[in-house]
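Read-outs throughout are calculated quantities, based only on the coordinates presented, and are distinct from any laboratory measurement. This one's a predicted model, so the numbers in the text were calculated from it and none came from an experiment. Ideal geometry is used to build each Cβ from the backbone, glycine not excepted, and the neighbour counts take in all protein chains shown.
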Amino acid sequence: MESQTHAISFFTNSSVRLDILKQRAFNLRWASVPEGVIPLTAADPDFPCAPEIADAIAKYAKDRYFSYGAPEGLASFKASLASFYQTKRNVPVSPAMTLPVDSAAYGIYIICKTYLQPGDEAIIFDPVDFLFKYSIEAQSARAVSFAIPASTEQVNFQDLQKLITPKTRMICLCNPLNPTGKVFTPAELEELGRIACENDLLILNDEIWSDIVFQPHTFTSIATISEEIRKRTITVTGFSKSYGLAGLRIGAIMAHTQEHFTSLFQASLHQSTVHGANILSQVAASAALDSCGYWLDGFLQHLGAMRNRCVDTFNSIDGFHCIAPEGCYVAWVDITKTGHSAEYIQQLLLEKAKVAVVPGLPQWFGAGAEGHFRVSFASSNEIIEEALARIKSVMS
Ligand SMILES: Cc1ncc(COP(=O)(O)O)c(C=O)c1O
């Protein structure tokens, strides 16, 4: 209880250093928007990371040795990740099957590079983060969309079966689902896994958002459903969302068979040193997993309050509708009843409210995103309240 009280104090308005963010936070955020605009765009927290992470980097740096690391990753990071997955996710991950990579984005890319040939097909959700389509198309393969509109209803994966052709190689699972915030239930995951097994498909399992799940919802990894499903699953995760380490570009792939690990490692180009995860980033991610659970608990508590504020406000605006996200710190707002396009509303909010949001355009989230915009609420109560008040005032 004491550490909870302590941790929540990290997420006050006085913790948010706008002077620094305006210099350092790119990707549509503070450093890329005009003065006066509040950027609720890329999902990247406005709070500094946990102090233990900065301490771990400083401690390592103090020795002034930055020699080449092991191509398969730092042993301490691999051990931390495997232990986290064994104890917190109930997934039997062995350290030897983990591969630190320079971001979850690159993890997705390596998996696609390893398993897709030109002309192959991979099924992605719609809407979903653009990274899946990007990595599939980079292999000259085709991304086939399976619609999962924002809803609290159980997804009927029987409909996904209809998209499978002889060219289908993989299903890309994003759990929790960015941008709708859906957290898949064990029954849904079992159904998805069964379809993958029956059709001999691989499951690219992106769990980068798995720490950000709001009560009463709970996270289940598809890799826990059965051994048969786990063996055709390759899990990717990252540290940008839970711990605010996006600029360190660190993530990890977890294979569940030796054969998969060997192929992924080879495709990663780590052995040749053309690619590899930065050693300081691995040290940071290891500290996050080992020592920053209390910080994450405080972050989640704060995010729960911000989620409720966003959902309540959006649902009080004529023509807007927002289902409370079960996970992810993004709100996905349905604006179809305004009669305007996502691009129109984005421009209106930018010009009149001075709030930047991400419009539901196909290039960000797929065709199913039209009629929506996304906001990230990983900021202070004061900044979120100010942004919401400005949006409400413009839309009234
Ligand atoms: C579902 C999903 N996967 C991967 C990423 C990329 O994470 P990283 O910063 O580790 O590349 C994101 C970032 O928004 C995401 O939402």
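Points worth noting:
- Cβ-Cβ FRET estimate between A61 and K88, R0 fixed at 41 Å, reported to 0.05: 0.90
- Fraction of beta bridges assigned by DSSP in the range 58-291 that are antiparallel (%, nearest 5): 35 percent
- Pairwise label distance in nanometres, K231 with S151, each label 7 Å out on the Cα-Cβ vector: 3.5 nm
- DSSP beta bridges in the chain [antiparallel fraction, %, rounded to 5]: 50 percent
- Per-peptide average of other Cβ atoms within 10 Å, ordering 187-198, 205-216, 153-164, 54-65 highest first: 205-216, 187-198, 153-164, 54-65
- At q = 0.11, 0.21 Å⁻¹, base-10 log of I(q)/I(0) for the range 1-111 (Debye sum, equal scatterers on each alpha carbon): -0.59, -1.22
- Here the range 149-192 and the range 22-72 have alpha carbon centers that stand 32 Å from each other.
- Counted by neighbouring Cβ atoms within 10 Å, the residues T336, T273 run from fewest to most as T273, T336.
- Classified by the C-alpha gyration tensor, the range 58-291 has a prolate form. Its axis ratio a/c, with a ≥ b ≥ c, is 1.5 or above, and a/b is larger than b/c.
- Here the Karplus relation 6.51 cos²θ - 1.76 cosθ + 1.60, evaluated at θ = phi - 60°, turns the backbone of the range 23-32 into coupling constants of 8, 10, 8, 9, 6, 6, 9, 3, 7, 10 Hz, with x for every Gly and Pro.
- Scanning residues 5 or more positions from H372 or on other chains, those with amide H under 5 Å from its amide H are I335, A342, G360, with H placed 1.01 Å from N in the peptide plane.
- Under 25 Å from K88, Cα to Cα: lysines that are on another chain or at least 8 residues apart: K78, K182, K231, K241
- Note on the chain: helix-only mean residue ellipticity at 222 nm, from DSSP H runs of 4+ residues weighted -39500 (n - 2.57) and normalised by residue number, equals -11500 deg cm²/dmol.
- Here K113 is the anchor, and the aspartates and glutamates within straight C-alpha reach of less than 16 Å, apart from those fewer than 8 places off in the same chain, are D102, E121, E137, D206, E259.
- Charge tally in the Cβ shell below 14 Å around A104, where Lys, Arg are +1 and Asp, Glu are -1, A104 excluded: -4
- By the count of other C-beta atoms within 10 Å, a proxy for reagent exposure, F184, F47 are ordered fewest to most as F47, F184.
- For the chain, the alpha carbon convex hull comes to 138 Å³ per residue, rounded to a whole number.
- Listing V16, V274 from fewest to most neighbouring C-beta atoms within 10 Å gives V274, V16.
- Total formal charge among the other residues, if their Cβ is under 10 angstrom from that of S210, Lys/Arg +1 and Asp/Glu -1: 0
- Net charge of Cβ neighbours under 12 Å - reference A288; Lys, Arg +1; Asp, Glu -1: -3
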